[in-house]
Amino acid sequence: VDDHKPAGFEDNDQHPVGHGRMLRKEDPRFVRGRGNYVDDVQLPGMLHLAILRAPVAHARLVGIDTTAAEAHPKVKAVVTGATLESLNLAWMPTLSNDVQAVLVTDKVRFQGQEVAFVVAEDRYSARDALELIEVEYDLLDPVVDVRRALEEGAPVIRDDIEGKTDNHCFDWETGDAAATEAVFAQADVVVEQDIVYPRVHPAPMETCGAVADFDPVEGRLTLWSTTQAPHAHRTLYAIVAGLPEHKIRVISPDIGGGFGNKVPIYPGYVCAVVGSIVTGKPVKWMEDRSENLVSTGFARDYVMRGEIAATRDGRILGIRTHVIADHGAFNGTAAPVKYPAGFFGVFTGSYDLEAAYCHMTAVYTNKAPGGVAYACSFRITEAVYLVERIVDCLAAELGMDPVRLRLKNFIKPEQFPYTTKTGWVYDSGNYEPTMREAMRLAGYEELRREQAEKRARGELMGIGVSFFTEAVGAGPRKHMDILGLGMADGCELRVHPTGKAVVRLSVQSQGQGHETTFAQIVGEELGIPPADVDVVHGDTDNTPFGLGTYGSRSTPVSGAAAALVARKVRDKARIVASGMLEVSADDLVWEKGAFHVAGDPSAAVTIQDIAMRAHGAGDLPEGYEGALEAQITYNPPNLTYPHGAYICVVDVDPGTAQVKVRRFVAVDDCGTRINPMIIEGQIHGGLTDGVGMALMEIIAFDEDGNCLGGSLMDYLLPTAVEVPDWETGFTVTPSPHHPIGAKGVGESATVGSPPAIVNAVVDALAPFGVRHADMPLTPSRVWDAMRGQARPP
Ligand code: CDP
C-alpha cells in the first residue's frame with residue numbers, strides 16, 4: 001500500500017463523490033497502530049492525575065483530610081473543592097445553562113462525583129494516593145426514582161440553587177394541546193401506552209481524558225482532550241478560567257469514538273488544567289472504564305406516555321405524549337438553547353397528522369448528569385422510539401398490518417417541504433419507495449407466511465418494522481446556539497502551487513472517516529484527486545471556528561461549507577484561466593478538473609496548471625485577489641431530514657426467552673451519498689448499537705443510588721456474536737438546500753433500529769397477548785412479558 005495514494009482512489013479521481021468503494025485515507029495509520037490518541041501524548045516532565053470519586057449518591061461533605069496523601073513521596077499536589085473555591089473554579093457551566101461542581105464543596109449529588117484529585121509522578125502513585133485521602137460524609141436520602149422526584153417531601157438535590165425547594169428542572173411543551181384534544185375526542189380509536197427509554201451510555205472505546213500544559217511565562221494553555229467540539233470547549237475554558245481565548249489551544253487528536261459522550265466538558269478536563277497550573281508541569285488525566293460509565297454523560301432516560309388517535313380504517317389523526325425526563329444531578333444535556341428537550345419535537349414521525357402535542361417535565365435525580373445525544377440528533381432517538389412503538393400498538397389494536405398502517409399515513413412526496421404539527425419543516429422525502437425497497441429486500445410477504453406457519457407450530461417468530469425521519473445538521477443560526485454560540489461552521493481551503501490542497505474544518509472526526517469524505521467533496525468540486533487533498537481538523541490553532549461533530553451535523557453543515565469553499569476557489573481559478581487562455585472568464589466551461597474555451601475543448605487548462613500559474617511570475621488578470629484559497633462560514637438554512645425503513649426478524653426461544661435477531665434489513669435515504677462504504681460502516685455500527693439498546697444495555701441504579709452498570713461485565717455491549725449479517729439498501733432523495741444534496745447519516749441506524757427490534761419481539765410475543773415490553777429485552781424481561789408480568793425498568 002502506498003500511503004500517499006490509498007487504494008481505490010485512482011479510478012474515481014475525477015468524480016469521487018458517491019463512486020465506488022473509496023477506501024479510507026486514515027486507515028493505513030490506524031491499522032498500523034500509528035493513530036495518535038490523547039493517551040499517546042507524552043510530554044517531558046509530565047505528571048499524572050487521578051480523581052477521588054464519591055462512593056455514595058447523596059451526602060453532605062463533612063471534611064476531607066489530605067495529609068497522608070500529600071506525604072506520599074511521589075505526590076506533587078492534592079486538590080479539593082475548597083482549593084478550587086478559593087480560585088473561583090469550584091463550579092463550571094454546563095452546556096445547558098446549568099452549573100456543575102468541578103469538585104464537591106457542599107454535598108455529593110451522585111455516586112462517582114468528583115471529590116478531590118491527586119497529581120503524582122506516575123499513574124499508579126496517583127491512584128495509590130487516592131486511598132490515603134480520608135473523607136467524612138453525612139449520608140442523605142437519595143432521589144432515585146424519576147417518577148417520585150417531585151413528590152412532596154422528596155429530598156432537594158440542588159439546594160445550591162438559591163430558593164430551590166424541589167427537584168424540578170424544567171417544563172417544556174410543543175404542539176397544540178386544544179387542537180389535539182379535539183382530534184382525540186372525535187377519534188374512533190385511541191390507544192395509550194407507557195413507554196420507557198432506559199438510561200444508556202454511549203460507551204466509546206476510548207474513555208475521556210486530557211493532557212493540560214500550562215505555560216506560566218507566556219500564560220498559554222495547550223490542552224489535548226477527547227472532545228467532539230474543540231472550538232466550543234475553548235470558548236468555555238476562556239470564560240471559566242478567565243484566560244484570553246487566543247492563549248488557549250485545544251487539540252483533539254485521534255478520537256476513539258465519541259457518540260455524544262465527548263460533547264460535554266467534564267470536571268476531569270478542568271482538573272487537568274488546574275493540576276498543570278498548580279504544579280507548573282504538563283498533567284495527564286485518563287479516566288478508566290468504570291469512571292466513564294458511572295460519571296460521564298448518559299443518554300435517554302425518558303419515561304413517556306404515548307397516545308395515538310385514529311379512524312377505524314387506520315388513518316392516524318393525532319399523537320400526544322407526556323414525558324418525565326431524568327436529567328441527573330446537574331442538567332448536562334447538550335442541546336441548542338431553545339431546545340431543552342433537543343429535537344424531541346419530531347415525535348410526529350413520518351406521518352401526516354391533524355394535531356400533535358407534547359408536555360415534558362424534567363427533573364433532577366441523584367444520578368450522573370447528561371442527557372447527551374448518544375448517536376442521535378438531540379433526543380430524536382427517544383422521539384422515533386415513541387412514535388414507532390405507539391404506531392405498532394395502534395396496528396395491533398386495529399388488527400392491521402404495521403407496514404400497511406404506515407404506508408397509509410406517510411407524508412406524500414408532493415407535500416414536501418412539509419411543516420409538522422410541531423413546527424419542523426422536513427426538507428424532502430419520498431417514503432413509500434424506501435419502505436417498499438425494505439419489504440422487497442426482506443421478502444416481507446414471505447416472512448409473514450413463514451411466521452403464520454411457525455405460530456401454528458408454537459414457535460415464536462417476530463417481524464418488526466420501523467420507519468424514521470431524522471432531523472440532522474444543527475443548525476440555522478436564527479434558531480440554534482449552544483450557550484450563545486451560533487451553530488454555523490467555518491471552512492478554509494488552500495491550493496498549493498503544484499495543485500495539492502489543504503482543507504481545514506471546524507468539525508472533528510471520531511472515527512467517521514472525515515479525512516476521506518471531506519477530501520472527496522473538495523475533490524469533486526475542484527477536480528483534484530481526493531488523495532491530493534489533506535484534511536486538517538481538531539486543532540483550534542489551525543482550523544476555523546465552528547461547533548463540532550455530534551448529531552450527524554458534519555455533512556449537513558461542514559460538508560456544505562467544504563463544497564461552497566471549493567466553489568469559491570474554483571471561481572478564482574476561472575479568473576486565472578481566463579488570463580492563461582486569453583478569453584473572457586464568461587467564455588470558459590468547467591469540466592471536472594479543467595477549464596476550456598466554450599466550443600473548443602482542446603484549449604484547456606487543468607486546475608494544476610492554474611494553481612502553478614496563480615503562484616507564478618507576472619501579473620494575474622484583473623479581479624483576481626489574494627491567493628488560490630478561500631474561507632467561508634456556512635449558516636445552514638434548515639436541518640436535513642434523512643429517513644429510513646427497517647425490518648427486523650427475531651426468534652424468541654419459548655424455553656429460555658432468549659431473543660435472537662435472525663435478520664435485519666435497513667434501507668436508508670441520506671440524500672446524495674458521498675462514500676457508500678463509509679455510509680455502510682456507519683449503518684452497521686448504528687444497527688449494532690440498536691441491538692445493544694433493545695436487548696442488553698441499561699444503566700440502572702439500586703434504591704440507594706448505586707450505579708449497577710459500572711463495568712462492561714454489567715453494562716453489556718453487543719459484539720459480532722449478537723448481531724446478524726446486516727442487509728442494507730438505499731434510496732436517494734437529495735436535500736434541496738444542501739449544495740451537494742447530502743443529508744447526515746451517522747446516527748440514522750441508532751435512531752431507527754431499537755423500535756424495529758422491540759416491535760419484532762412484541763410481534764413474536766403476540767400469542768401471549770403482549771402489546772408492549774420495555775427495553776432492554778433481556779431474557780428475564782421477555783420471560784416476565786410472556787407471563788403477563790411486564791414491568792418498567
Ligand atoms: O457528524 P458525523 O460525521 O458524525 O455524521 P455524518 O455527517 O452523518 O457523517 C458520517 C460519515 O458518513 C462522514 O464521513 C460523512 O462524510 C459520511 N456521509 C456520506 O458519505 N454521505 C452522506 N450523505 C452522509 C454522510
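In this simple spin-label approximation, GLU136 and ASP352 carry label points 7 Å from Cα along the Cα→Cβ vector, and these lie 7.1 nm apart.
Listed by chain and number, the lysines whose C-alpha is less than 24 Å from the C-alpha of LYS262, apart from same-chain residues fewer than 8 away, are LYS25, LYS247, LYS284, LYS338, LYS367, LYS743. Restricting the GluC sites (Glu not before Pro) of the stretch 95-191 to loop positions (DSSP other than H, G, I, E, B) with no more than 12 neighbouring Cβ atoms within 10 Å leaves GLU131, GLU151, GLU152, GLU162. Annotation: aspartates and glutamates with alpha-carbon distance below 14 angstrom to LYS454 (same-chain offsets under eight excluded): GLU446, ASP651, ASP653, ASP763. Subtracting the Cα-Cα distance of ALA617 and ASP288 from their residue separation scaled by 0.36 nm leaves 112.7 nm.
Using only side-chain charges placed at the Cβ, +1 for Lys and Arg and -1 for Asp and Glu, the dipole size of the stretch 496-582 relative to its Cα centre rounds to 240 debye.
Here the spin labels are modelled as points 7 Å beyond Cα on the Cα-Cβ line, and at GLN42 and ALA452 they lie 6.8 nm apart.
Given points 7 Å out from each Cα along the Cα-Cβ axis, report the GLU432 to LEU708 separation in nanometres with one decimal. That separation, rounded to one decimal, is 4.8 nm.
For the stretch 3-148, a simple Cβ point-charge model (Lys and Arg +1, Asp and Glu -1, everything else neutral) yields a dipole of about 420 debye relative to the Cα centre. Solvent-accessible area per residue in the stretch 395-503 equals 40 Å², computed with a 1.4 angstrom probe and all protein chains kept.
Rolling a 1.4 angstrom probe over the protein heavy atoms with all chains in place gives the stretch 551-688 an accessible area of 38 Å² per residue.
At R0 = 60 Å, how high is the FRET efficiency between GLU582 and ARG127 if r is their beta carbon distance? Nearest 0.05 is fine.
Details: r = 72 Å, r/R0 = 1.20.
So the FRET efficiency works out to roughly 0.25.
Hydrodynamic radius of the chain by the Kirkwood approach over all distinct alpha-carbon pairs: 27.7 Å. Ranked by the mean number of other Cβ atoms within 10 Å per residue, highest first, peptides 728-741, 489-502 order as 489-502, 728-741.
Stretched out fully, how many nm does the piece from ASP653 to LYS408 gain, at 0.36 nm a residue minus the Cα gap?
84.9 nm
With the whole protein complex present, ASP352 retains an accessible surface near 40 Å², based on a 1.4 Å probe.
Annotation: extensible slack from THR105 through LYS74 equals 8.6 nm (criterion: 0.36 nm per residue apart, minus Cα-Cα distance). Straight-line cross-link partners of LYS408 among the lysines, defined as a Cα under 21 Å from its Cα and at least 8 positions apart when in the same chain: LYS421.
What trypsin sites (Lys or Arg not before Pro) in the stretch 418-485 are in a loop by DSSP, with at most 11 other Cβ atoms within 10 Å of the Cβ? Could the numbers behind the result be given before it?
Values: sites: LYS421, ARG436, ARG440, ARG448, ARG449, LYS454, ARG455, ARG457, ARG477, LYS478; in loops: LYS421, ARG457, ARG477, LYS478.
Those satisfying the criteria are ARG457, LYS478.
Rolling a 1.4 Å probe over the protein heavy atoms of the chain, with every protein chain left in place, gives an accessible area that is 50 percent carbon and sulfur.
Legend: residues HIS246, HIS201, sorted from most to least accessible area (1.4 Å probe; ligands, DNA and RNA excluded), read HIS246, HIS201.
The values are calculated or read from the model by the stated rules, or taken from the named source; none is laboratory data. A quick note: this is a predicted structure, and the numbers were derived from the prediction, not measured. As a convention, Cβ positions derive from the backbone with ideal geometry for all residues, glycine included, and neighbour counts pool all protein chains shown. Surface accessibility is based on the protein's heavy atoms, side chains included, excluding ligands, DNA and RNA. Shrake-Rupley method; radii C 1.70, N 1.55, O 1.52, S 1.80 Å.
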